[in-house]
Number of protein chains: 2
Amino acid sequence: MSFGRVAIIGLGLLGGSVGLAIREKLPDITTTGYDSDTATRHRARERGLVDTVCDTAAEAVAACDLVILCVPVGAMASAAAEFASALPPHAVVSDVGSSKQSVQDALAMALPDNPIIPAHPVAGTEQSGPDAGFATLFDGRWSILTPPVNAPAQAVTDLTEFWEALGAKVEIMDAQHHDLVLAVTSHIPHLIAYTIVGTASDMEEVTRSEVIKYSAGGFRDFTRIAASDPVMWRDVFLNNREAVLEMLGRFTEDLTALQRAIRSGDGDTLHDLFSRTRDIRRSIIDSGQDDAKPDFGRDH
Amino acid sequence: MSFGRVAIIGLGLLGGSVGLAIREKLPDITTTGYDSDTATRHRARERGLVDTVCDTAAEAVAACDLVILCVPVGAMASAAAEFASALPPHAVVSDVGSSKQSVQDALAMALPDNPIIPAHPVAGTEQSGPDAGFATLFDGRWSILTPPVNAPAQAVTDLTEFWEALGAKVEIMDAQHHDLVLAVTSHIPHLIAYTIVGTASDMEEVTRSEVIKYSAGGFRDFTRIAASDPVMWRDVFLNNREAVLEMLGRFTEDLTALQRAIRSGDGDTLHDLFSRTRDIRRSIIDSGQDDAKPDFGRDH
C-alpha cells in the first residue's frame, strides 16, 4: 500500500468506518484523525476509530500521505482551509462526499498544490456520529472515484487499491455523471422519503399514533432513510441542485401519469408499471447489492 | 375459540399465513381452503397451508363458521359469488384486503344474509404466492376490523379474539377512516416506490446497470415494496381512489415546497424538515413496529 499514513477529517459514520476498516484490513497504515466537535473527538478516542485523535486538523494532516475529508459536502471548503498550510505537498486529498462536482471545485480552490481525487463510497446507514461506524461498512459496496482530468495517474491507482483493500469495488467516472447517477439512486430517494414522512406527520385527519401503529403497511421503510443526518442531506441538495431538480422533474411527471391512471380507473397502466418494477429488485439482489431475504431479513 | 371451522379463499401470502398461523396457534380449528389457480392449490397441499385444499370454493365453505377472503380487493365480489349458495347462514364473512369500504360494499351485495366483518391485518412482505406465507406473519402487527353499524357484536368479539390468538393486536374503526389512514401508511408509499423505480428504469442518461450498482445509496429500499404483487396493488389503487388521490395531493404539495427550497438555496427549510422526520422513526421502533438495528438489520 502506497499510503503509510492516512489522516481522516471528520469522525462520524463514514470517517469512523474508514478508520476502523483501515485498522482491520490495512494494519500497517498509521491513522490520525480530527473532528471539529470536542465530544466526537473524545468518543473517537474511546472507540479507537484512529490511532491518534488530534486536537487540530493541522496536527492530524501534518505527516500524512493521504487525507480523507469525511465532513458534510457544504463543509469541505472550510475544513480544507483549516489544515491547508500544514498539508505535506505530496499528500493526496480525497473525501467521501455524496456530491462530487462541488466538492472537486471546493477542494481545488482550497488546496491548489495537492493532487485531488474525490471519492464517494456508496455505503452508509441511517445512523450518524462517532458511534455509528464499523469496519465492514464498505464490503461489497461500490466506491466511485471522480479524478479531474489533470489528476496524477499514480494517485488514482493508489486510491483505487486503497478502497479495494477496504472491501469496496471501484468505479471511475467524471464528477458530473456521478452527480446525475447519484441523484437517481440516492438523492431523490432521500428527498421523497423525507417528504412522505413529513406529509404523514402533518396530517390532521390521521393521527401520529395511527401513522406509527400501521406503519408496517409500507411507510416504515421510508422512515429509515428519513432518519439520516439532516446537515449532511441539506448540503447534498444544496450542492447537487441541478441534477436533483432535473431528476425530480422526471419523477413528478411519472407520478402525475400514475395519478391520472388512478383517477380514470386505468388499471392496465398501473398493472404494466407494477409488473416491470419487480425485475430491478431481482437484479439488485443478484448483483449482491441487497439481501434476498423477504422484508430485508427483518425478524418475524 | 368460537370458530371451529375456518375456510380460507385465496392461498397466497396472506391466505397461506392465516392457515399456517391457525395450525400453530389454534390447533383445534379445522381449516379448508381454495384458490382459483390449480398450481397454487397443488402447492398449498404440498405445504399443508390448510387441512384440506378443496377443488371448489363452494366445497371449501360448505361447513365453515368463518370464511376469510384472501384475494385481491377487486376480486372479492366474484370470489364471494362463487360460494354464496353453499355458505352456511350462520357463517361470519371476513377478509384481509387493504381497502375496506369497497370490500364491505362488495361483500354485502354478494352475501346479504351473512354477518360481514371486514378486516385488514397490516402485515406482509414483498413476496406473494403459496410459498410466501409463514405462521408468524401477524405477530405484533395490527389487524384492523371495520364492522358495519349493523354488525352483530358477538361476531366482532369472536373475530377480535381470533386475530389476537394469531398474534395480532386488534383495532376497530370505520371503513372510511381505515381507507384514509392506510392511504397514508401504505398505499401512497407503494405508489411512490413503484414510481421512482419506474423513473429510474426508464432513464437514458443513467444506465440500468448504474442504477443497480449504486442502489445502496437509498434506491434499493424502494425496490422492496415495488416488488409487491401487481394485481393486488392495481386493485388497491382502483378501490381506494378518493383517499389515495387526496393524500397524493398533499404529498405533491409538500414535495413542490421542497423543490422550491432546493431551487432557491433555502437550507433552513430543508434542515428543519430533515430534523423533524427522525422522531417518527424512533417512535416506530419504540412501538415495536420496526427493527432498531441499523439498515433494517441487513448483513454488513
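The values are calculated or read from the model by the stated rules, or taken from the named source; none is laboratory data. Nothing here was measured: the structure is a model prediction, and the numbers come from that model. When we count neighbours, we look across all protein chains shown, and the Cβ atoms used for this are built from the backbone with ideal geometry, even at glycine. The protein model used for the area step is the full one, side chains on, heavy atoms only, and it has no ligands, DNA or RNA in it. Shrake-Rupley method; radii C 1.70, N 1.55, O 1.52, S 1.80 Å.
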Counting only protein heavy atoms with a 1.4 Å probe and every protein chain in place, the carbon and sulfur fraction of the accessible surface of the protein assembly as shown in whole percent equals 49
If each part is reduced to its alpha-carbon centroid, segment B:40-89 and segment A:100-125 end up apart, in Å, by 61
homo-copy label distances at A:ASP299 (7 angstrom along Cα-Cβ), nm, one dp, ascending, are 1.9
Per the rotation taking chain A to chain B, min distance Cβ-to-axis on chain A (residue, whole Å) equals A:PHE296, 2
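Rolling a 1.4 Å sphere over the protein heavy atoms, what is the accessible area per residue of the protein assembly as shown, to the nearest Å²?
35
Can you tell me which of B:157-168, A:144-155, B:12-23 comes out highest on packing, and rank the rest after it, using the mean Cβ neighbours within 10 Å? Kindly include the intermediate steps, with their values, before the conclusion.
Working: B:157-168: 19.3, A:144-155: 16.3, B:12-23: 25.7.
With the highest mean Cβ count within 10 Å placed first, the list reads B:12-23, B:157-168, A:144-155.
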Residue-ordered couplings for segment B:250-261, obtained by feeding phi - 60° into the Karplus form 6.51 cos²θ - 1.76 cosθ + 1.60 and rounding to whole Hz (Gly and Pro as x), are 5, 4, 5, 4, 5, 5, 5, 5, 5, 4, 4, 5
For chain B the mean separation of alpha carbon contacts under 8 Å (6+ apart) over residue count, i.e. relative contact order in percent, is 16
Taking every residue of B:167-177, the Cβ atoms of other protein chains inside 10 Å of its Cβ average out to 1
Rounded to the nearest 10 Å², the accessible area of A:SER209 using a 1.4 Å probe with every protein chain kept is 70
Going residue by residue through segment A:212-225, the Karplus relation 6.51 cos²θ - 1.76 cosθ + 1.60 with θ = phi - 60° gives ³J(HN,Hα) values, rounded to whole Hz and with x marking Gly or Pro, of 5, 4, 9, 5, 5, x, x, 3, 4, 4, 6, 6, 5, 6
Answer in debye to the nearest 20: the dipole magnitude of segment B:5-173 about its Cα centre, from +1 Lys/Arg and -1 Asp/Glu charges placed on Cβ, is 160
Taking Cα atoms, the helix B:267-286 axis meets the longest principal axis of chain B at an angle in degrees (rounded to 10) of 30
quick note, the protein assembly as shown, DSSP beta bridge pairs, % antiparallel (nearest 5) is 15
Long-range amide H partners of B:ASP95, meaning residues 5 or more apart or on another chain whose placed amide H is closer than 5 Å, are B:LEU69, B:ALA119
The summed charge of the A:ALA155 Cβ neighbourhood (under 12 Å; Lys/Arg +1, Asp/Glu -1) stands at -3
Distances in nm between the label point of B:ALA58 (7 Å along Cα→Cβ) and its equivalents in the other copies, shortest first, are 9.2
For chain A, longest principal axis from Cα atoms; helix A:230-239 axis from its Cα atoms; angle between them, nearest 10 degrees, is 90
Per-residue ellipticity at 222 nm attributable to helices in the protein assembly as shown (runs of n ≥ 4 DSSP H, -39500 (n - 2.57) apiece, nearest 500 deg cm²/dmol) works out to -15000 deg cm²/dmol
If one builds a Gaussian network model of chain B from Cα atoms under 10 Å apart, the most fluctuating residue listed among B:ARG220, B:ARG43, B:ARG208 is B:ARG208
In square angstrom to the nearest 100, the accessible surface buried at the A/B interface, both sides summed with a 1.4 Å probe, amounts to 10200
Amide H proximity to A:VAL170 below 5 Å, modelled H, separation 5+ or other chain, gives A:SER143
Once both label points are put 7 Å beyond Cα along the C-beta direction, the A:ALA153-A:ALA257 separation in nm becomes 4.4
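Would you tally the net charge around B:GLY198, using a Cβ to Cβ cut-off of less than 9 Å, leaving B:GLY198 out, and scoring K and R as +1, D and E as -1?
Taking every Cβ under 9 Å from that of B:GLY198, the sum is -1.
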Scoring segment B:109-156 by relative contact order with C-alpha pairs under 8 Å, at least six apart, yields a percentage of 53
For segment B:173-251, listing GluC sites (Glu not before Pro) in a DSSP loop whose Cβ sees at most 16 other Cβ atoms within 10 Å gives B:GLU204, B:GLU205
Taking the chain alone as reference and the full protein assembly as comparison, with a 1.4 Å probe on protein heavy atoms only, the residues of segment A:113-127 that lose at least 10 Å² of accessible area are A:VAL122, A:GLY124, A:THR125, A:GLU126, A:GLN127
Shortest first and in nm, the label-point separations between A:MET173 and its counterparts in the other identical copies (7 Å out along Cα→Cβ) come to 4.1
Rounded to one decimal in nm, the spacing of the 7 Å Cα→Cβ label points at B:ASP105 and B:LYS169 is 3.2
With a Förster distance of 25 angstrom and the Cβ-Cβ distance between A:SER2 and A:HIS42, calculated FRET efficiency to the nearest 0.05 equals 0.20
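What do you reckon, how do B:THR269, B:THR199 stack up by accessible area (1.4 Å probe), largest on top?
B:THR269, B:THR199
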So the FRET efficiency between B:GLU59 and A:ASP286, C-beta based with R0 = 45 Å and rounded to 0.05, is 0.60
Note, A:ASP268: beta-carbon cut-off 14 Å, +1 each Lys/Arg, -1 each Asp/Glu, net 0
Rounded to one decimal in nm, the spacing of the 7 Å Cα→Cβ label points at B:LYS293 and B:SER275 is 3.2
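Could you work out the relative contact order of segment B:59-101? I mean the mean sequence separation of Cα pairs under 8 Å and 6+ apart, divided by the number of residues, in percent.
55
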SASA check, B:PHE219, accessible area w/ 1.4 Å probe, all protein chains in place, rounded to nearest 10 Å², comes out at 0
If every Lys and Arg gets +1 and every Asp and Glu gets -1 at its Cβ, then about the Cα centre chain B yields a dipole, in debye to the nearest 20, of 420
Residue by residue through segment A:55-62, the couplings from Karplus 6.51 cos²θ - 1.76 cosθ + 1.60 with θ = phi - 60°, in Hz, x for Gly and Pro, are 8, 9, 5, 4, 4, 5, 8, 3
For the table B:LYS213/B:LYS293; A:LYS213/B:LYS213; A:LYS293/B:LYS169; A:LYS169/A:LYS293; B:LYS169/B:LYS213, the rows whose alpha-carbon distance is greater than 31 Å are A:LYS213/B:LYS213; B:LYS169/B:LYS213
In degrees, nearest 10, the alpha-carbon axis of helix B:188-201 is tilted away from the dominant principal axis of the alpha carbons of chain B by 60
